[in-house]
Amino acid sequence: MSMVAPPTADSVFRIVVLRSWGIDIDRAAAGGTSNILVFYMARWIAPLLGVLLLLTVRFDGTYALVAAGSLVVAIAIFVGGLLVTRSRPLAERLGRLAGQVAHRFRSKVDPERWATSVAGFQGHIADRYRTGVALSIPTLIVKLLVDASIALLAIRFIGVGSDQLSAVEIVAAFLVVFPLTLFPFQGIGILDATLVAALTAVGGVELEAQLVAAMVTYRVVTLVVPGLLGLLFVLGWRHTTDREEREQAR
């Protein structure tokens, strides 16, 4: 969906779709925000998983430093979300502060409305935050491993054997650089170059051309295919939801 409607339009689109299905807009917004928070936690936990996996064969100090810094970010996101969900006044203050900042750039923004919205978000997820995180993180870790497996298969299909680069090295390197998906289009170019550099440092520069070709394959699978699926969903949603319902959702 984010390929069809890039940020931040993808978040708005999700809310519109959920609203058209009869879900209250505040709950839809709260669910979407919760999804973003939990995914960001998983994204910054990924390097730690990579380091733990790599420890089965060797230790890498650079990977460990990246993992330590990323873990601090993940903990900060969790604690920040926990504080907001436990304190309605804090949620209102943060919402008002964010609204005031936004108001400087767009005069139509009402800080008090933002404060009310954030407080509403707090009310919807306050009782489920810790349980939701505990259930969601393992699921998202599986998603990370699926992504890493796609990269591994792309490298194998291009002709790089296990005698040149082990599966542990490939998956661990992928998980360590995964936070670079923070950039547009899942960090295309940035993540790819960093991963290739990390793997050539282990397997040798003679693998560079093959690894670049493998990353092209990986991108086709992880960007183009989801984009086509998202487009099919949009077309299906428009077909099954009449114009009046879509307008009401907005």
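Filtering region 114-126 for residues that are touching a residue at least 12 places away in the same chain (Cβ under 8 Å), aromatic (F, W, Y) and either under 30 Å from V168 (Cα atoms) or surrounded by fewer than 15 Cβ atoms within 10 Å (Cβ to Cβ) (or both) leaves an empty set.
No other residue among S70, S107, S87 is without any contact (Cβ under 8 Å) to a residue 60 or more places away in the chain, over 27 Å from V16 (Cα atoms) and of a type in the set (S, T, N, Q) apart from S87. On inspection, A134 fails the criterion of being surrounded by 14 or more Cβ atoms within 10 Å (Cβ to Cβ) and among the aliphatic types (A, V, I, L, M). Among the residues of region 49-69, not a single one is surrounded by 19 or more Cβ atoms within 10 Å (Cβ to Cβ) and closer than 15 Å to L37 by Cα. Only residues that are assigned to a helix (DSSP H, G or I), farther than 16 Å from R14 by Cβ, out of contact with any Phe, Trp or Tyr (no Cβ under 8 Å at 6 or more places or on another chain) and of a type in the set (A, V, I, L, M) were counted in region 29-55, giving 6.
Hey, does region 127-141 have a residue that's over 22 Å from the mean Cα position of the chain (by Cα) and not polar (S, T, N, Q)? Yes, region 127-141 contains a residue that is over 22 Å from the mean Cα position of the chain (by Cα) and not polar (S, T, N, Q). Given the structure, is L82 in contact (Cβ under 8 Å) with a residue 40 or more places away in the chain and either at negative phi or in contact with a helix residue (DSSP H, G or I) (Cβ under 6 Å, 6 or more places away or on another chain) (or both)? For L82, the condition - in contact (Cβ under 8 Å) with a residue 40 or more places away in the chain and either at negative phi or in contact with a helix residue (DSSP H, G or I) (Cβ under 6 Å, 6 or more places away or on another chain) (or both) - is met. Residues that are free of Cβ contacts under 8 Å to residues at least 24 places away in the same chain and either within 20 Å of the chain's Cα centre (by Cα) or closer than 27 Å to L140 by Cβ (or both) number at least 3 in the following helices (runs of 4 or more DSSP H) confined to region 161-242: 190-203, 225-240.
Read-outs: derived from the displayed coordinates by stated rules, not from any lab. On a predicted model such as this, the values are computed, not experimentally measured, just so you know. Note that each Cβ is placed from the backbone with ideal geometry, even for glycine, and that neighbours are counted across all protein chains shown.
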